[in-house]
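*Asks:* Structure below; questions to follow.
The values are calculated or read from the model by the stated rules, or taken from the named source; none is laboratory data. All of these numbers come straight from a predicted model, not from anything done at the bench. Cβ placement follows ideal geometry from the backbone for every residue including glycine, while neighbour counts extend to all protein chains displayed.
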Amino acid sequence: MKRLLTLLAIAAIGLVPGALRGADSVIGVVVRDDAGRPVADAVVYAATSGTAARGGRATMDQENQEFVPHVLPVEVGTAVTFPNRDGIRHHVYSFSPAKRFELPLYTGTPAAPVVFDQAGAVVLGCNIHDWMVAYVYVAPSPHFAKTGSDGRAALRGLPPGPQELRVWHPRLRTPGEAPAQRVTLGADALTVDFKVSLRPERKRPRTTPRYENQQGG
């Protein structure tokens with residue numbers, strides 16, 4: 001009888017809607033600029049998710065002398081590989097406090113990935129091609145997402161209860177993050193709007209570097 005009651009209790013838990021258990025809870029986030037236009041490449045995350053960051057693996061490509069993607073969100077502890085898919089060598093580096101590293105001139109994929117073990121924004125550059133700039137944003141939470149061209153993102157699998165949401169973008173007019181918003185997640189999905197002030201976009205022109213080995217040697 002005791003075993004039967006245990007099985008019935010487990011079955012009852014399985015019938016509880018996912019949103020109440022947190023397994024399928026969703027917070028939709030919409031990020032717009034001062035003019036009401038959708039903002040792409042904004043990283044949103046739940047700072048109070050209650051779950052420790054676990055790390056993982058990710059890739060930042062180099063294609064057509066550009067970093068792809070322009071913004072790569074990862075959680076703390078993630079190992080990122082930097083494959084060079086161009087026919088010329090790149091020299092990837094960052095001087096950001098969250099991760100200082102350097103991958104000297106190379107083609108192909110470096111043998112060891114770079115582990116991003118501290119939360120924060122990491123600016124990437126190439127010592128040969130000045131216009132190559134990208135960002136790795138290291139989130140302290142496993143619940144994060146990046147907005148698309150429509151300015152929308154979704155945070156899934158959050159536990160019910162209070163949550164603090166934060167947004168980061170490489171062109172925020174005030175360095176750091178946008179002001180946090182506190183919400184309470186219950187049985188129903190939420191939609192949260194963020195309005196951010198951005199600096200004008202400035203891209204460095206492509207030029208022919210003084211040193212460029214087209215053979216990759």
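*Asks:* Restricting to segment 154-200, and then to whatever is of a type in the set (D, E, K, R), within 21 Å of the chain's Cα centre (by Cα) and outside any strand (DSSP E or B), can you tell me which residue is nearest to ALA139 (Cα to Cα)? Even if it seems obvious, please write down each step before you answer.
*Replies:* Let us first name the residues in segment 154-200 that are of a type in the set (D, E, K, R), namely 156, 164, 166, 171, 173, 177, 182, 188, 193, 195, 199.
Now narrow it down to the ones that are within 21 Å of the chain's Cα centre (by Cα): 156, 164, 166, 171, 173, 177, 182, 193, 195, 199.
With outside any strand (DSSP E or B) added as a condition, the list becomes 171, 173, 177, 199.
Numbers: ARG171: 17, ARG173: 20, GLU177: 12, ARG199: 22 Å.
Restricting to residues being of a type in the set (D, E, K, R), within 21 Å of the chain's Cα centre (by Cα) and outside any strand (DSSP E or B), the top hit is GLU177.
*Asks:* Please work out which one of (1) surrounded by fewer than 17 Cβ atoms within 10 Å (Cβ to Cβ); (2) in contact (Cβ under 8 Å) with a residue 40 or more places away in the chain; (3) not in a loop (DSSP other than H, G, I, E, B) is the condition ALA79 fails and give its number.
*Replies:* (2)
*Asks:* If I filter segment 76-87 for residues that are under 30 Å from GLY161 (Cα atoms), under 15 Å from the mean Cα position of the chain (by Cα) and not aliphatic (A, V, I, L, M), do I get at least one hit?
*Replies:* Of the residues in segment 76-87, the ones under 30 Å from GLY161 (Cα atoms) are 76-78.
Pick out the ones that are also under 15 Å from the mean Cα position of the chain (by Cα) and you get 76-78.
Okay, now just the ones that are also not aliphatic (A, V, I, L, M), so 77-78.
Checked against the condition, which is being under 30 Å from GLY161 (Cα atoms), under 15 Å from the mean Cα position of the chain (by Cα) and not aliphatic (A, V, I, L, M), segment 76-87 yields at least one hit.
*Asks:* I've got another one for you. How many of the residues in segment 55-75 are under 13 Å from VAL114 (Cβ atoms) and assigned to a loop (DSSP other than H, G, I, E, B)? Give the derivation first.
*Replies:* Within segment 55-75, the first condition is being under 13 Å from VAL114 (Cβ atoms), and the residues that meet it are 55, 57-60, 72, 74.
Pick out the ones that are also assigned to a loop (DSSP other than H, G, I, E, B) and you get 55, 60.
Total meeting the criteria: 2.
*Asks:* To continue, here is another question. Could you grab the pairs with beta carbons closer than 6 Å, sequence gap of 6+ or different chains, first residue in segment 147-167 and assigned by TED's automatic domain parsing to the domain that holds PRO179 and under 14 Å from ALA47 (Cα atoms), second one part of a strand (DSSP E or B) and of a type in the set (S, T, N, Q)?
*Replies:* Note: pairs meeting the criteria are PRO162/THR184; LEU165/GLN181.
*Asks:* A further question on this structure: Could you say which residue among ALA112, ALA139 is out of contact with any Cys (no Cβ under 7 Å at 6 or more places or on another chain), surrounded by 16 or more Cβ atoms within 10 Å (Cβ to Cβ) and of a type in the set (Gly, Ala, Ser)? I'd like the intermediate steps shown before the answer.
*Replies:* Values: ALA112 fails: surrounded by 16 or more Cβ atoms within 10 Å (Cβ to Cβ).
Going through ALA112, ALA139 in turn, the sole match is ALA139.
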